[in-house]
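The values are calculated or read from the model by the stated rules, or taken from the named source; none is laboratory data. On a predicted model such as this, the values are computed, not experimentally measured, just so you know. As a convention, Cβ positions derive from the backbone with ideal geometry for all residues, glycine included, and neighbour counts pool all protein chains shown. Protein only, heavy atoms only, side chains kept; ligands, DNA and RNA dropped before computing areas. Shrake-Rupley method; radii C 1.70, N 1.55, O 1.52, S 1.80 Å.
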Amino acid sequence: MMIFETERLNVRRLILQDLDGFHEMQSNPKVMQYADGEVKSYEEHKKELNELIKKYNKKGNDFWIYAVERKEDKEFVGTVALVKDDGDDEIGYRFLEKHWGNGYATEICDGLIKYCRSIGMKKLVGYVVDKNIASAIILKKYNFKIVKQFVSDDIGLPETKYELNL
């Protein structure tokens, strides 16, 4: 099921056929270094993917992770997240390392903002580890403002909370 699209990318629900790409992305220490840093096994990722897919039909679900695929060849390139965080609507994205540097994060951020506006959201937040300069640049480009700086509980790194009023 299509959620939204950009010029080069489709955002859709995750499916079991995404497992190989999902595992490749989630088991890459460079991809995970600014997330939870945890690299899991193929079987653990299979279980995680199944749980994410089940959430689509769960009443009251507020944890949406979608697949990002290239339009040209339907290749899985990453994920985009839209989750509730203490009442805030938090966005996030993650891409396979081999797809870094293609402008996909900027394109997805733009598409996600437009999608969230279209469904009536009023505000978005994003959390970026300070060392993740590329992601901070993208949020600033779309006028996200810094609202809080802190050291994250989960990975113990300096992090910044950004906010955008839609």
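Among 140-151, 45-56, the peptide with the highest mean count of other Cβ atoms within 10 Å heads the list, and the full ranking is 45-56, 140-151.
The C-alpha radius of gyration of the chain, expressed as a fraction of 2.2 N^0.38 Å, stands at 0.99.
Taking the convex hull of the alpha carbon atoms in the stretch 64-117, what volume per residue do you get, in Å³?
Spread over its residues, the Cα hull of the stretch 64-117 gives 81 Å³ apiece.
For the stretch 1-76, divide the Cα radius of gyration by the Kirkwood radius and give the resulting Rg/Rh value with two decimals. So for the stretch 1-76, dividing Rg by the Kirkwood Rh gives 0.98. Between amide H atoms placed 1.01 Å from N, distances below 5 Å from residue 4 occur with 11, all of them 5 or more places distant or on a separate chain. Amide H to amide H, with H built 1.01 Å from N, residue 93 comes under 5 Å of 81, counting only residues 5 or more places away or on other chains. With contributions of -39500 (n - 2.57) from each DSSP H run of at least four residues, the per-residue ellipticity at 222 nm computed over the chain stands at -9000 deg cm²/dmol. Count the net charge of all other residues whose Cβ sits under 11 Å from the Cβ of residue 19, scoring Lys and Arg as +1 and Asp and Glu as -1. Net of charged neighbours comes to -3. Shape class for the stretch 93-166: oblate, because the ratio a/c of the largest to smallest gyration tensor axis (alpha-carbon atoms, square roots of eigenvalues) is 1.5 or more and b/c is at least a/b. For the peptides 155-161, 123-129, residues were scored by their other Cβ atoms within 10 Å and the scores averaged per peptide; the highest-first order is 123-129, 155-161. Only the Cβ atoms of Lys and Arg (+1) and of Asp and Glu (-1) were treated as charged; on that basis the dipole of the stretch 32-166 about its Cα centre amounts to roughly 520 debye. Over the chain, accessible surface divided per residue gives 55 Å², non-protein components excluded, 1.4 Å probe.
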